[in-house]
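Undergrad: I'd like to ask you about the structure that follows.
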Amino acid sequence: MNYQEIDTPALLIDETVLNKNLKYMSDYAAAQKVKLRPHTKTHKMPHLALKQTAHGAEGITVAKVGEAEIMAVYGLDDIFIANQIVGKQKLERIKKLAEQINISFGVDSIHHIEEIDKVFEGADKKAQVLIEIEVGEERSGIIEEIDYKLLLNSIRAAKNVELKGIFSHDGHTYKAVDKHDCYDLFMTATTRTLHFANVARDMDFEFETVSIGSTPPFMFGFDIPEGVTEIRPGTYILMDGSQSNAIDSYAHSAASVLTTIISKPTAERVITDVGAKGLTAQSRSKGLTTTEGFGKIKEFESVHVHGVFDEHAIIYNQEFSKKVSIGDKVRIIPNHICPVSNLYHKAYLINSGEVVKEIDIAAQGRLQ
């Protein structure tokens, strides 16, 4: 059927653009001589994760244990959880997964190592961990070199923990003022990551992975310094309004939300049937990813969602109102695709306007 026949709100994925995005990042990683381990929190769909591995990804990244469990059910067998995992319950689940697949996860504290060492006592394989390095995003990760060295020594002393490598996330590149600023932030973050890799080697640690990630630097095609072994882009596969603004093009926007116009109460106010529960109320206010409103209308050049209630999108645009009628359907490119994917049970893959596949968002809501 034609996508216009789909009931709304609905998450759509353009197959042609999707395949273009998959090829771009695969070619980029190959040209840079690094492994590709995409972050699947962007889509939460095993079907798309399998497409990513078919396009050269050597494994995948997830954010939560529950996501890893779902991906493993669908045959993904090399998974990194780019997050600190705390608590016996979650660690027991990782221990069980490790019996079936290659799985690793993040740490940044001696507390983590002590807890992991206890839980993995008696396991057939040691826990595989990567130390997170904080590189400017001001989130989790090691900051001080002395704390890093103490953490390395705690891993050395642990019986059931093995250091696989280090990783960092330069998410603050989304706030870069322009492309040159993005490059400076990327290089500063990468140089810091490589410094910590060398500190570990000076302490006689040998590990296989130096992993970096966030989509903006890779969409700009920046050269990756020698010593990095792996990249973890996420948004690139579907893209969104903020990332499209960064590269000044919506040509890579594969995802959109189909919505029906349900009311036109004034000459300029148009209401559609998707709100914060299907679009989110997220926006970006700084740098090259700055967004206008709460989503861009795909079919119209300069029309944006002015505001969202739980179940309504509000558009103020008189020219747009003149061109649409109650009952018409339009597509909204969301500001941030990652949380949007988590709001739907399924997505519709479309090609030339026709629905070619319904894709289960199997990891939806897997937040534990």
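Undergrad: Of all residues being basic (Lys, Arg) and outside any helix (DSSP H, G or I) in region 150-203, which is most open to solvent (accessible area, probe 1.4 Å)? Just the residue, please. Please lay out each step first, then the result.
TA: Restricting attention to region 150-203, the residues satisfying the condition of being basic (Lys, Arg) are 156, 159, 164, 175, 179, 192, 201.
Narrowing further to those that are outside any helix (DSSP H, G or I): 159, 164.
On the way: Lys159: 151, Lys164: 32 Å².
By that ranking, first place goes to Lys159.
Undergrad: Here is a further query. Just to be sure, is Glu145 more than 23 Å from the chain's Cα centre (by Cα), closer than 25 Å to Thr193 by Cβ and open to solvent by 70 Å² or more (accessible area, probe 1.4 Å)?
TA: Details: more than 23 Å from the chain's Cα centre (by Cα): yes; closer than 25 Å to Thr193 by Cβ: yes; open to solvent by 70 Å² or more (accessible area, probe 1.4 Å): no.
So Glu145 does not fit the description; no.
Undergrad: Can you tell me how many residues within region 283-308 are within 15 Å of Thr260 (Cα to Cα) and either open to solvent by 50 Å² or more (accessible area, probe 1.4 Å) or of a type in the set (S, T, N, Q) (or both)?
TA: 2
Undergrad: From the list Glu206, Glu121, which one is open to solvent by 50 Å² or more (accessible area, probe 1.4 Å), at pLDDT below 95, part of a loop (DSSP other than H, G, I, E, B) and more than 19 Å from His39 (Cα to Cα)? I'd like the intermediate steps shown before the answer.
TA: Numbers: Glu121 fails: at pLDDT below 95.
Just a single option satisfies the conditions, and that option is Glu206.
Undergrad: Can you tell which of Arg269, Arg192, Arg201, Arg232 is modelled with pLDDT of 95 or more and within 21 Å of Gly307 (Cα to Cα)? Steps first, answer last, please.
TA: Working: Arg192 fails: within 21 Å of Gly307 (Cα to Cα); Arg201 fails: within 21 Å of Gly307 (Cα to Cα); Arg232 fails: within 21 Å of Gly307 (Cα to Cα).
Arg269 is the lone residue from the list that is modelled with pLDDT of 95 or more and within 21 Å of Gly307 (Cα to Cα).
Undergrad: Which condition number does Gly327 fail, the rest of (1) open to solvent by less than 40 Å² (accessible area, probe 1.4 Å); (2) on the phi > 0 side of the Ramachandran plot being met?
TA: Unmet condition: (1).
Undergrad: Considering only region 254-282, state which residues are of a type outside the set (Ser, Thr, Tyr) and open to solvent by 20 Å² or more (accessible area, probe 1.4 Å).
TA: Within region 254-282, Ile262, Lys264, Pro265, Ala267, Glu268, Arg269, Asp273, Ala276, Lys277, Ala281, Gln282 qualify.
Undergrad: Please work out which one of (1) open to solvent by 70 Å² or more (accessible area, probe 1.4 Å); (2) in contact with a Ser or Thr (Cβ under 6 Å, 6 or more places away or on another chain); (3) aliphatic (A, V, I, L, M) is the condition Val86 fails and give its number.
TA: (2)
The values are calculated or read from the model by the stated rules, or taken from the named source; none is laboratory data. The model shown is predicted, which means the values in this text are computed figures rather than measured ones. We place every Cβ from the backbone using ideal geometry, glycine too, and count neighbours over all the protein chains shown. With ligands, DNA and RNA removed, areas are computed over all heavy atoms of the protein, side chains included. Shrake-Rupley method; radii C 1.70, N 1.55, O 1.52, S 1.80 Å.
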